[in-house]
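The values are calculated or read from the model by the stated rules, or taken from the named source; none is laboratory data. Computed from a predicted model, the values in this text were never measured in an experiment. Neighbour counts run over all protein chains shown; Cβ positions are idealised from the backbone, glycine included. These area figures cover heavy atoms from the full protein model, side chains too; ligands, DNA and RNA do not enter into them. Shrake-Rupley method; radii C 1.70, N 1.55, O 1.52, S 1.80 Å.
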Amino acid sequence: MKRQFLDLGRQPIANGFLKDKDFDGEFFFDLKVQFDDETCLVSLSEFVPPEKMFNDDYVYHSSMSITMREHFEDAARTFINEYEPSKVMEIGSNDGVFVRHFPEDTTIAVEPCGNFAAMTNEQGYQTYAEFWNVDLARKILEDHGKQELIFSANCMCHIQDIDNAFEAIGNLLTQEGVFIFEDPSLLKMIERNSYDQIYDEHAHIFSVVALNNLLHKHNLQIFKVENLDVHGGSNRIFVKRVDNTVIGMDNSVWRNIEMERNAGLHKYNTYVDFAKKVEKSKTKLVETLRGYKSQGKKVVSYGATSKSTTVFNYCGIGPDLIDYIVDTTKDKQGKYSPGTRIPVISPESGFDNTVDVAFLGAWNFKKEILNKESGFLERGGKFVTHVPHVRVLGV
Ligand code: TMP
């Protein structure tokens, strides 16, 4: 049985930054979250049609932060050393931040956003500009045969029919091949009260417990789990075929399952408690920002993230509380935040001496941002974050 536990209200497309001419007719949906007693999978109750989110206007560039560039370079190097794959495929290759570390002639990419698919095609990687599913796997099997390493980062959790996606993996993986994927961790989301991991693109927030159940249906098995810091806490899941006896099981699988069970991720009541904390976080955040505003402070937001779309729309935070958002992404600058319509400008033009307080929309890059903006803190500037609870960061 699927049971709903959280209602984050009417929400727009999280990455759908708007030009003012697009204000009329903006798409909204009900952002509600449910728990499946049978598989322990946490998913959105209502999915948004994928074409509305992943299209030629998609603005999220994986390469835009040093953290992510280094992360994927490191991942590629480790996989090459460990598995020496001669045929590699990435699902959700974005701007090529991962595939660029592999040879063009033995590496293929899958990327439904046409703007990004064109980039990796130009770099010499054959890129299928399509959604990942059983039909595409069949086509790739005919064109290129089975794959030894299939990688996917922050993409599997976007796929609404996850059973179909895992079946497609099973059909394309060689007998001794490995499938490695990483996505935000449900355990970290619950621990950090980071409810803004929930938005249209994240059809599911995975636990190891749920993935274990889902993958087994397709004769696939998790043999290792790595806990990562990126994207606010993610898991890298290593998968093999059940009948692959060459690769052994790593203790990290049992360790992660135990941690998750201790945190109650297999029980509905855990999510009901989480929902109560989310509501408290909203009240405190709005109070904090209103407090600064009533003192005449200039408040902005740092990072026009998909996560902050959830926060702003759920908490009712608009241009009355946040003057503007600064973001380094050129494609977002000159636009407005989805739903709440707060202007987005470049840090060069907006993050100046007039700013008193900055809401940390990109809290997952806190270390990188605090390093970069030490001058802001030294002159008395304050960052406000809501993770793991609403608090002010300053010197
Ligand atoms: P994400 O949280 O969805 O990964 O998006 C991060 C956003 O934050 C992205 O639009 C770029 C922006 N950003 C900055 O503007 N300045 C920074 O220093 C960093 C690290 C990110």
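Filtering the range 104-144 down to residues that are touching a residue at least 40 places away in the same chain (Cβ under 8 Å) and not small (Gly, Ala, Ser), which residue is farthest from Tyr58 (Cα to Cα)? Step through it out loud before you land on a result.
The first filter runs over the range 104-144 and keeps only residues touching a residue at least 40 places away in the same chain (Cβ under 8 Å), leaving 112-116, 131-132, 140, 144.
With the extra rule that they be not small (Gly, Ala, Ser), the set shrinks to 112-113, 115-116, 131-132, 140, 144.
On the way: Pro112: 10, Cys113: 6, Asn115: 8, Phe116: 8, Phe131: 14, Trp132: 17, Ile140: 24, His144: 28 Å.
Only one residue fits best here, namely His144.
Which one of the conditions (1) open to solvent by 60 Å² or more (accessible area, probe 1.4 Å); (2) in a helix (DSSP H, G or I) does Thr354 fail to meet, given that it meets all the rest?
It is condition (2) that Thr354 fails.
Pairs needed: first member in the range 148-162, under 15 Å from Pro50 (Cβ atoms) and part of a loop (DSSP other than H, G, I, E, B); second member anywhere, β-branched (Val, Ile, Thr) and modelled with pLDDT of 95 or more; C-beta distance under 7 Å; at least 6 residues apart or different chains.
If the second residue must be β-branched (Val, Ile, Thr) and modelled with pLDDT of 95 or more, the pairs left are Cys155/Ile91.
Any idea how many residues of the range 89-103 are outside any helix (DSSP H, G or I) and without any contact (Cβ under 8 Å) to a residue 60 or more places away in the chain?
Restricting attention to the range 89-103, the residues satisfying the condition of being outside any helix (DSSP H, G or I) are 89-98, 102-103.
Keeping just the survivors that are without any contact (Cβ under 8 Å) to a residue 60 or more places away in the chain gives 93-98, 102-103.
Final tally of qualifying residues: 8.
Would you say Ile205 is open to solvent by less than 40 Å² (accessible area, probe 1.4 Å) and more than 30 Å from Thr305 (Cα to Cα)? Can you show your working first?
Working: open to solvent by less than 40 Å² (accessible area, probe 1.4 Å): yes; more than 30 Å from Thr305 (Cα to Cα): no.
In short, no.
Considering only the range 140-156, state which residues are touching an Asp or Glu at 6+ places or on another chain (Cβ under 8 Å) and surrounded by fewer than 23 Cβ atoms within 10 Å (Cβ to Cβ).
Of everything in the range 140-156, those that are touching an Asp or Glu at 6+ places or on another chain (Cβ under 8 Å) and surrounded by fewer than 23 Cβ atoms within 10 Å (Cβ to Cβ) turn out to be Glu148, Asn154.
Would you confirm whether any residue within the range 161-168 is open to solvent by 60 Å² or more (accessible area, probe 1.4 Å) and of a type in the set (D, E, K, R)? Reasoning before the result, please.
Residues of the range 161-168 open to solvent by 60 Å² or more (accessible area, probe 1.4 Å): 161, 167.
With of a type in the set (D, E, K, R) added as a condition, the list becomes 161, 167.
Checking the range 161-168: at least one residue is open to solvent by 60 Å² or more (accessible area, probe 1.4 Å) and of a type in the set (D, E, K, R).
Can you say whether Ser185 is touching a residue at least 60 places away in the same chain (Cβ under 8 Å), buried (at least 23 other Cβ atoms within 10 Å of the Cβ) and of a type in the set (S, T, N, Q), as far as the supplied structure shows? Please lay out each step first, then the result.
Details: touching a residue at least 60 places away in the same chain (Cβ under 8 Å): no; buried (at least 23 other Cβ atoms within 10 Å of the Cβ): yes; of a type in the set (S, T, N, Q): yes.
In short, no.
Quick one: in the range 288-308, of everything that is touching a residue at least 40 places away in the same chain (Cβ under 8 Å) and away from the ligand (no atom under 16 Å from the Cβ), which residue is surrounded by the fewest Cβ atoms within 10 Å (Cβ to Cβ)? Write out each step before concluding.
First, pick out the residues of the range 288-308 that are touching a residue at least 40 places away in the same chain (Cβ under 8 Å): 288-289, 292, 297-308.
After this cut, where a residue has to be away from the ligand (no atom under 16 Å from the Cβ) as well, the list is 288-289, 292, 297-299.
Details: Thr288: 20, Leu289: 22, Tyr292: 18, Lys297: 13, Lys298: 15, Val299: 21.
Here the residue is Lys297.
Filtering the range 362-390 down to residues that are within 14 Å of the ligand (Cβ to nearest atom) and outside any helix (DSSP H, G or I), which residue is farthest from Ile66 (Cα to Cα)?
Here the answer is His386.
What pairs can you find where one residue is in the range 363-392 and closer than 23 Å to Pro184 by Cα and modelled with pLDDT under 95, the other is basic (Lys, Arg) and within 12 Å of the ligand (Cβ to nearest atom), and their Cβ atoms are less than 8 Å apart, with a gap of 6+ or different chains?
Asn364/Lys307
On the given criteria, is Asp323 crowded, with 16+ Cβ neighbours inside 10 Å and not basic (Lys, Arg)? Give the steps one after another, and end with the answer.
On the way: crowded, with 16+ Cβ neighbours inside 10 Å: yes; not basic (Lys, Arg): yes.
It is true that Asp323 is crowded, with 16+ Cβ neighbours inside 10 Å and not basic (Lys, Arg).
If I go through the range 321-343 residue by residue, how many of them are more than 9 Å from the ligand (Cβ to nearest atom) and either under 24 Å from Lys382 (Cβ atoms) or of a type outside the set (D, E, K, R) (or both)?
13
Can you tell me which of Ser86, Ser43, Ser65 is in contact with a Phe, Trp or Tyr (Cβ under 7 Å, 6 or more places away or on another chain) and either polar (S, T, N, Q) or free of Cβ contacts under 8 Å to residues at least 40 places away in the same chain (or both)? Talk me through it step by step, then tell me what you get.
Numbers: Ser86 fails: in contact with a Phe, Trp or Tyr (Cβ under 7 Å, 6 or more places away or on another chain); Ser43 fails: in contact with a Phe, Trp or Tyr (Cβ under 7 Å, 6 or more places away or on another chain).
Result of the check over Ser86, Ser43, Ser65: Ser65.
What number of residues within the range 8-39 satisfy the criterion of being polar (S, T, N, Q) and open to solvent by 20 Å² or more (accessible area, probe 1.4 Å)?
Keep residues of the range 8-39 that are polar (S, T, N, Q), which gives 11, 15, 34, 39.
Still in the running and open to solvent by 20 Å² or more (accessible area, probe 1.4 Å): 34.
Number satisfying all stated conditions: 1.
Kindly evaluate Ile198 against the criterion of being buried (at least 20 other Cβ atoms within 10 Å of the Cβ), more than 26 Å from Glu142 (Cα to Cα) and over 17 Å from the mean Cα position of the chain (by Cα).
Numbers: buried (at least 20 other Cβ atoms within 10 Å of the Cβ): yes; more than 26 Å from Glu142 (Cα to Cα): yes; over 17 Å from the mean Cα position of the chain (by Cα): no.
No.
Identify the residue in the range 40-72 that is β-branched (Val, Ile, Thr) and either more than 16 Å from the ligand (Cβ to nearest atom) or not in a loop (DSSP other than H, G, I, E, B) (or both) and, among all such residues, is surrounded by the fewest Cβ atoms within 10 Å (Cβ to Cβ). Give the steps one after another, and end with the answer.
Pass one, the range 40-72, residues β-branched (Val, Ile, Thr): 42, 48, 59, 66-67.
Filter once more, keeping what is either more than 16 Å from the ligand (Cβ to nearest atom) or not in a loop (DSSP other than H, G, I, E, B) (or both): 42, 48, 66-67.
Values: Val42: 24, Val48: 21, Ile66: 11, Thr67: 14.
So the residue we want is Ile66.
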